[in-house]
Amino acid sequence: MKVDGGFGSDLAKVPEAAKELEAAGYSGAWTAETAHDPFFPLLLGAEHTKTLEVGTSIAVAFARNPMTLANIGWDLQSYSQGRFMLGLGSQIKPHIEKRFSMEWSKPAARMREMILAMRAIWDTWQNGTKLDFRGDFYTHTLMTPFFTPDAKELSPFGPPKIYLAGVGELMTEVAGEVCDGFLCHGFTTEKYLREVTIPALARGRAKAGKTMEGFEIVGPSFVVTGTTEEELAKAAAGTRQQIAFYGSTPAYKGVLEAHGWGGMQEELNSLSKLGKWVDMGNLITDEILNTFAVVGEPERIAPELTTRYGDVISRISFYAPYKADPERWLPIIDALKKA
């Protein structure tokens with residue numbers, strides 16, 4: 001199992017953080033699109049490492065278009081010499097329309113078309129194929145030599161792998177059909193992964209005439225741990241609030257329903273509209289916390305993650321405070337890599 005971490009969005013700190021992750025034995029590092037651009041840190045991370053894979057988990061797809069994403073993906077893949085992973089997500093309608101001022105409609109169908117359009121653009125740049133992509137949402141029919149990157153820039157590693165994040169079955173099927181991997185949302189449980197996510201991915205792969213072989217699943221990442229009781233309690237409190245925040249989202253209700261907790265979604269949603277974030281976290285019981293997260297001392301983390309997900313995921317996104325106690329943490333990271 002590959003073990004990934006993250007180096008945040010503070011550009012001044014990325015070079016050192018990337019070096020430390022590589023030295024600690026992490027396979028890759030992901031950035032998220034929150035308060036900063038997710039792509040700039042990856043350039044610095046790639047510059048200051050030699051083997052560390054770098055990717056977005058996630059970049060908001062619908063805040064961009066296929067051509068801009070194709071350019072970004074091409075350049076980062078070229079510069080990193082094949083170590084870039086393009087992880088995309090749809091976000092939700094209010095953010096796309098009200099934060100990004102972009103169009104929202106039929107997200108699963110739109111995402112499928114966006115990824116196919118990117119692949120068509122890359123094919124044009126790599127192989128000289130005439131660009132003639134015509135879809136319901138995106139049309140790309142113009143490409144001149146002046147705007148065409150040198151195909152040698154991606155030789156011999158080819159275009160970047162595309163990963164897609166999702167929770168609902170339709171988006172998950174799209175990932176299986178047109179992507180190279182799937183980013184499990186943090187708001188995913190073992191039960192939901194096995195009973196809903198993986199069957200949906202398999203249906204998507206079947207549509208494309210493919211099996212699950214070679215398809216990467218990046219596992220859920222809620223881990224509550226610490227080297228003291230105080231650290232563990234603080235991590236648990238923060239994770240309860242994060243679970244509650246995700247649980248308040250109507251689109252994620254299906255995960256709660258899989259465990260018989262569907263009624264909690266409306267309650268969490270009502271509290272979120274009142275800004276009662278602490279109250280929301282208090283609704284997350286120990287049972288719910290332990291269902292979504294691995295909870296315990298550092299030595300428990302690797303065995304528990306392996307038991308839950310070892311036979312179904314290819315890599316795990318997991319960040320440990322190894323700098324504080326390397327003699328304790330580095331063997332744990334190594335154990336996960338051997339799982």
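Only residues that are hydroxyl-bearing (Ser, Thr, Tyr) and touching a residue at least 40 places away in the same chain (Cβ under 8 Å) were counted in segment 18-39, giving 2.
Give the residue, chosen from 31, 68, that is of a type in the set (Ser, Thr, Tyr) and either modelled with pLDDT under 95 or closer than 25 Å to residue 335 by Cα (or both). If you could, list the steps in order and put the result at the bottom.
Numbers: 68 fails: either modelled with pLDDT under 95 or closer than 25 Å to residue 335 by Cα (or both).
That would be 31, the only listed residue that is of a type in the set (Ser, Thr, Tyr) and either modelled with pLDDT under 95 or closer than 25 Å to residue 335 by Cα (or both).
Can you name the residue in segment 141-167 that is outside any loop (DSSP other than H, G, I, E, B) and under 27 Å from the mean Cα position of the chain (by Cα) and is also farthest from residue 219 (Cα to Cα) among such residues? Show your work before the answer.
Filtering segment 141-167 down to residues outside any loop (DSSP other than H, G, I, E, B) leaves 145-147, 151-154, 161-166.
Next, from what is left, pick out any that are under 27 Å from the mean Cα position of the chain (by Cα): 153-154, 161-166.
Details: 153: 31, 154: 28, 161: 17, 162: 16, 163: 12, 164: 12, 165: 11, 166: 12 Å.
If we take residues in segment 141-167 being outside any loop (DSSP other than H, G, I, E, B) and under 27 Å from the mean Cα position of the chain (by Cα), then 153 is farthest from residue 219 (Cα to Cα).
Quick test of your reading of the structure: residue 101 fulfils all but one of (1) at negative phi; (2) out of contact with any strand residue (DSSP E or B) (no Cβ under 6 Å at 6 or more places or on another chain). Name the failing condition by number. Every condition holds for residue 101 apart from (1).
Among the criteria (1) more than 19 Å from the chain's Cα centre (by Cα); (2) assigned to a helix (DSSP H, G or I); (3) of a type outside the set (Asp, Glu), the one residue 12 does not fulfil is (2).
Scanning segment 292-314 for residues that are farther than 30 Å from residue 214 by Cβ and not acidic (Asp, Glu) returns 295, 296, 298, 300. Counting only helices (runs of 4 or more DSSP H) wholly contained in segment 204-287, the ones carrying 2 or more residues that are over 20 Å from the mean Cα position of the chain (by Cα), more than 25 Å from residue 306 (Cα to Cα) and of a type in the set (A, V, I, L, M) occupy 263-273, 277-282.
Beta carbons closer than 8 Å, at least 6 apart along the sequence or on distinct chains, pair a first residue in segment 98-113 that is closer than 10 Å to residue 174 by Cα with a second that is surrounded by fewer than 12 Cβ atoms within 10 Å (Cβ to Cβ) and not aromatic (Phe, Trp, Tyr) for 109/136; 113/136. Counting the residues of segment 265-290 that are surrounded by fewer than 19 Cβ atoms within 10 Å (Cβ to Cβ) and in contact with a Ser or Thr (Cβ under 6 Å, 6 or more places away or on another chain) gives 2.
The values are calculated or read from the model by the stated rules, or taken from the named source; none is laboratory data. All values derive from a computational prediction rather than experimental measurement. Neighbour counts run over all protein chains shown; Cβ positions are idealised from the backbone, glycine included.
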